[in-house]
Amino acid sequence: MLNRRDAIKLGSVAGAALIFPTKQLASAFSDDPPQVPPFSVPLSIPPVLKPTRSTADTDYYDMRIAETELEVLPGIRTRTLTFNGSFPGPTIRARRGRAAVVRQVNGLPGPATVHLHGADVLPSSDGHPMDPIAPGQARVYRYPNDQRAATLWYHDHTHHLEGEQVYRGLSGAYLLSDPVDALLPLPGGEFDVPLVLRDAKFDSRGQLVFVPDDFMNRPTILVNGRPQPYFEVKRKLYRLRLINGSNLEMFRFRLSTGATFLQIASDGGFLRVPAVRQEIDLWPAERAEVLVDFRSVPPGTAIVLQNVAALSENKRDILQFRVGAGGLRSTPESVVPDWNRARIPFAPGGIPGWPANDPARREVTRTRRFVLRLDLARGQFVINDKGFDPDRVDATIEHGSTEIWEIVNDDAALGIQHTMHLHLVQFRVLDRNGRPEPAYDSYPKDTVRLFPGDVVRIQATFDSHLGRYPFHCHFLDHATHSMMGQFEVVPR
């Protein structure tokens, strides 16, 4: 039986040799990057993008996609791809009921497109891989923000280029709030922090090296674009928005002290009831919102956010919290929320109105099966033995239908993991290998992880927009090499 390392030797690196010159491949595996001691650089917080203008119900933004030299490793200028010169891109903070209109100008020499991951949008604003912005041109994306509060993120999705262009920097956080979010006693302002985490490989000159599917040779973890940074926190309650923005890295988060997280949200918004977690798994594109309580921690204490699933010891410790002296005062805003006793009209056992559009409440109209695997003969990642064809629709769905998709990871012999992401919808994970998925990992989700050999069933309702949307593995290097299909929502 092959393990994942063997599969790379047989398939992924062989495929890379067809794309990259031999000299570049040799450099990628031999150059030693500059050494950066852990926790020697401060965490950067991406800037919040300001609207260029606003009306009664809409905020307008301008962004530019371009190559930019930035300091990622200390004292070194690294060529990156950026939105508005920021790595990762600036954070957009949006509100439900207020549309966001984003004009993206492509300053790259090649195509780019922007997908708002987790958003319910028209096809024209979905950032379809076959709908690129030509060099020197602009495209306007309209996001209606007619969905529940959630931690979303935006990233490039250009056909055959999404893996490399996201790897080189084209992603950022999009934080959507709503009235429920505003009523909950949650940390805000400086205590509400997006953390975009990803894997990377640097050469001896401190430049990013991209070799497709090269998960074993991306030894650096970046948090908000900085290697293993430290974060000076006050003795307060923090809301951390964890975004796995990596191409291939899988995280299992744990705090070095053994303290617990309170998980309050998943990919598509709040959990019905928060979950006390000691460890949290996030694979590429998955998100989780957690509360971490530093109020009783002695000043001067260092606590490390770890990845206990790291494939090498140097990637285990990824972010150090340095606890300062301020902010011990206890107020209603700084108390860990008791979701069953908060002063708002909760539905029984959970947040108000949840889950208004839970697909589990709908009658299922159809079941489909999708098998994901690496075809070694073709050197291609495929779904149902087919690579991506932009002229083919793999599932035609009547508007308003609720479907169960049975998703199979057929790479047990190769030991390869996958994820499945559906554009447009949030779904419920019904079960995994016949066993129900834990509530904190079941709904609302737009990306589901698949261990080798897994059979996972999800249920989704397609009742918003008509049109054609992708679904794909969100190990982006797999999607780049054809692990992608399309569904089309048509009138009933």
| field | Alpha carbon centroid spacing (whole Å) that separates region 420-482 from region 191-230 | value | 25 Å
| note | What the 5 Å binned alpha carbon P(r) of region 254-309 shows, as percent of pairs per bin from 0, is 4, 17, 26, 24, 16, 9, 3, 0
| message | Rounded to the nearest angstrom and ordered from largest down, what semi-axes does the equivalent ellipsoid of region 116-191 get from its C-alpha gyration tensor (root of 5λ)? | response | 28, 15, 10
| message | Rounded to the nearest 10 Å², what accessible area does D131 have for a 1.4 Å probe in the complete protein model? | response | 50 Å²
| request: Find, to one decimal place in angstroms, the Kirkwood hydrodynamic radius of region 44-140, where the mean of 1/r is taken over every pair of different Cα atoms and then inverted. | output: 14.6 Å
| task | Once you have a ≥ b ≥ c as the square roots of the Cα gyration tensor eigenvalues for region 375-492, tell me rounded if a/c is under 1.5, and otherwise prolate or oblate according to whether a/b is larger than b/c. | result | oblate
| Helix-only CD estimate at 222 nm, as mean residue ellipticity for the chain, using -39500 (n - 2.57) per DSSP H run (n ≥ 4) | -1500 deg cm²/dmol
| Quick one: putting +1 on the C-beta of Lys and Arg, -1 on the C-beta of Asp and Glu, what dipole do you get for region 86-228 around its Cα centre, in Debye to the nearest 20? | 380 debye
| field | Spacing of the two label points (7 Å from each Cα toward its C-beta) at S54 and A325, in nm | value | 3.8 nm
| So how many Lys-Lys pairs in the chain land under 30 Å Cα to Cα, not counting same-chain pairs under 8 apart? | 16
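How big, on average over all directions, is the shadow cast by the Cα convex hull of the chain, in nm²?
22.7 nm²
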| query | Kirkwood hydrodynamic radius of region 363-438 from all distinct Cα pairs, in Å? | reply | 14.4 Å
| field | Relative contact order of region 168-270, defined on C-alpha pairs under 8 angstrom at six or more residues apart (%) | value | 32 percent
| message | Quick check: pseudo-label points 7 Å beyond the Cα along Cα→Cβ at A439 and A259, how many nm apart are they? | response | 2.5 nm
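The values are calculated or read from the model by the stated rules, or taken from the named source; none is laboratory data. Since the structure is predicted, the reported quantities are computational estimates derived from the model, not experimental observations. All Cβ positions, glycine included, derive from the backbone under ideal geometry; neighbour counts span all protein chains shown. Side chains are part of the model used for accessible areas, which takes the heavy atoms of the whole protein and leaves out ligands, DNA and RNA. Shrake-Rupley method; radii C 1.70, N 1.55, O 1.52, S 1.80 Å.
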